[in-house]
Amino acid sequence: MILSAEKKRELWQNYFGISLAKDQIGVALAGNPNVGKSTIFNALTGLHQHTGNWPGKTVDNAQGGFQYNQKSFLIVDLPGTYSLLAHSVEEQIARDFLCFANPDVTVVVLDATCLERNLNLALQVFEITPNVIVCLNLMDEASKKNLVIDVPSLERELGVPVVAAAARQGQGLIELREKVFQVAAGSLKTTPRQIIYSYEVEKAVKELLPLVEDIAASNALSPRWIALRLLDGDRTFLKSLDSFLSHEQTSPLSWEESKCAL
Ligand SMILES: Nc1nc2c(ncn2[C@@H]2O[C@H](COP(=O)(O)OP(=O)(O)OP(=O)(O)O)[C@@H](O)[C@H]2O)c(=O)[nH]1
Ligand SMILES: [Mg+2]
């Protein structure tokens with residue numbers, strides 16, 4: 001499920017304080033701290049940036065735009081986060097945006113020198129949205145450490161496009177922009193790998209699903225993902241979910257309608 005363009009603009013403005021123009025494609029840039037998100041953001045958006053604070057928080061909020069193939073994109077450079085189980089205010093901001101803002105495309109930036117740790121966040125994002133691209137940054141550092149990453153295999157394993165990059169040197173950014181465009185336009189299909197949990201967890205998810213389906217559908221959230229978070233029992237997240245759900249109710253569009261709208 002996905003929000004209509006109009007509802008998304010309202011949500012971004014009212015809940016996140018971000019002005020998404022009509023027909024503009026919203027892109028979230030996420031990743032662990034210090035993996036090169038802002039370097040990628042700066043390279044893609046150049047001088048077309050706007051910085052401020054997240055509503056009610058003292059944390060920086062950077063948004064920037066670029067045009068590509070007659071489409072307009074707005075990128076939101078999120079604070080670094082290791083996981084969606086957030087602890088700091090910065091992590092909560094990144095988590096709430098990834099979970100509730102329904103971006104058209106989410107780019108998860110990974111540090112190619114420590115893939116295992118970085119993949120944790122990517123797999124969590126895969127549970128929220130299918131429209132994900134992995135940007136494998138710091139490839140120059142990986143080469144220095146004699147790490148060889150088989151990008152096509154990783155792409156197959158993850159089920160999403162993987163773009164190898166060395167953002168400080170400007171490498172991989174043209175491909176990243178093209179992939180963002182293709183995923184937004186629906187011409188590049190993604191099927192992010194989903195984690196299957198233990199028998200007990202899956203059984204509990206199955207029991208919860210009918211209870212959360214309506215609320216998930218009317219807020220364009222994944223029911224499986226809500227069920228899993230309820231099982232986590234993460235209090236700060238449940239508080240955010242509660243505040244989001246008590247915010248204005250939204251009416252979702254199907255995937256097919258959303259692709260037509262682009
Ligand atoms: N060698 C190398 N350094 C890079 C690359 N990309 C970014 N850097 C450097 O890594 C450091 C961190 O980059 P940032 O873009 O600030 O990282 P970030 O993910 O935005 O960091 P936070 O916002 O603090 O989470 C900077 O010194 C960059 O110049 C790269 O591909 N290769
Ligand atoms: Mg940054």
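Contact order for the chain, expressed relative to its length and based on alpha carbon pairs under 8 Å spaced 6+ residues apart, stands at 21 percent. Amide H contacts of Ser72: Ile25, each under 5 Å away and 5 or more positions distant or on a separate chain (H built 1.01 Å from N in the peptide plane; Pro and chain starts excluded).
Got the relative contact order for the stretch 122-165 handy, in percent, Cα pairs under 8 Å and 6 or more residues apart?
49 percent.
Find the accessible area per residue for the chain; the probe is 1.4 Å, ligands and nucleic acids are left out, and the unit is Å². Intermediate results must be reported in sequence, preceding the final value.
Numbers: 12620 Å² over 262 residues.
Normalised by residue count, the accessible surface of the chain is 48 Å².
Taken along its three principal axes, the alpha carbon spread of the stretch 1-136 comes to 38, 31, 31 Å, from the longest extent down to the shortest. Each label was represented as a point 7 Å from its Cα along the Cα-to-Cβ direction; for Thr58 and Ala217 these points are 4.5 nm apart. Taking the alpha carbon gyration tensor of the stretch 164-236, multiplying each eigenvalue by 5 and rooting it gives semi-axes of 35, 16, 12 Å, largest first.
Treat every Asp and Glu Cβ in the stretch 7-126 as -1 and every Lys and Arg Cβ as +1, leave all other atoms uncharged, and give the resulting dipole magnitude about the Cα centre to the nearest 20 debye.
My answer is approximately 300 debye.
The residues packed around Gln49, meaning those with a beta-carbon under 14 Å from its beta-carbon, carry a net charge of -1 if Lys and Arg are +1 and Asp and Glu are -1.
Relative protection proxy for 132-144, 101-113, 194-206, from highest mean packing down: 101-113, 132-144, 194-206 (other beta-carbon atoms within 10 angstrom). When the charge dipole of the chain is built from unit charges on Cβ atoms (+1 for Lys and Arg, -1 for Asp and Glu) and taken about the Cα centre, the candidate among Thr58, Leu211, Cys99 whose Cα reaches farthest toward its positive end is Thr58.
Taking max minus min of the alpha-carbon positions on each principal axis, the stretch 98-250 gives extents of 49, 33, 27 Å, largest first. What the phi angles of the stretch 162-172 give under the Karplus curve with 6.51, -1.76 and 1.60, with θ = phi - 60°, is a coupling list of 10, 10, 7, 8, 9, 4, 5, 8, x, 8, x Hz, glycine and proline written as x.
Exceedance of the 19 Å cut-off in Cα-Cα distance is limited, within the set Lys37/Lys179; Lys145/Lys179; Lys8/Lys239, to Lys145/Lys179; Lys8/Lys239.
Taking the 1.4 Å solvent-accessible surface of the chain as the whole, the part contributed by carbon and sulfur is 53%. The ellipsoid that matches the Cα gyration tensor of the chain has semi-axes, each √(5λ) in whole angstrom, of 27, 22, 18, with the longest given first. Taken one residue at a time, the phi angles of the stretch 111-116 give Karplus couplings (6.51, -1.76, 1.60, θ = phi - 60°) of 7, 5, 7, 9, 4, 4 Hz. Gly and Pro are set to x. What separates the Cα centres of the stretch 1-42 and the stretch 170-213 is a distance of 17 Å. Here the contact order of the stretch 132-251, divided by its residue count and restricted to Cα pairs under 8 Å and six or more residues apart, works out to 19 percent.
Report, in debye and to the nearest 20, how large the dipole of the chain comes out about its Cα centre when Lys and Arg carry +1 and Asp and Glu carry -1 on their Cβ.
Dipole about the Cα centre, nearest 20: 340 debye.
Each pair of Cα atoms in the stretch 1-81 enters the Kirkwood radius, and Stokes-Einstein at 25 °C and 0.890 mPa s then converts it into a translational diffusion coefficient of 185 µm²/s.
The values are calculated or read from the model by the stated rules, or taken from the named source; none is laboratory data. It should be emphasised that the depicted structure is a prediction, and the values quoted were computed from it without experimental measurement. As a convention, Cβ positions derive from the backbone with ideal geometry for all residues, glycine included, and neighbour counts pool all protein chains shown. Surface accessibility is based on the protein's heavy atoms, side chains included, excluding ligands, DNA and RNA. Shrake-Rupley method; radii C 1.70, N 1.55, O 1.52, S 1.80 Å.
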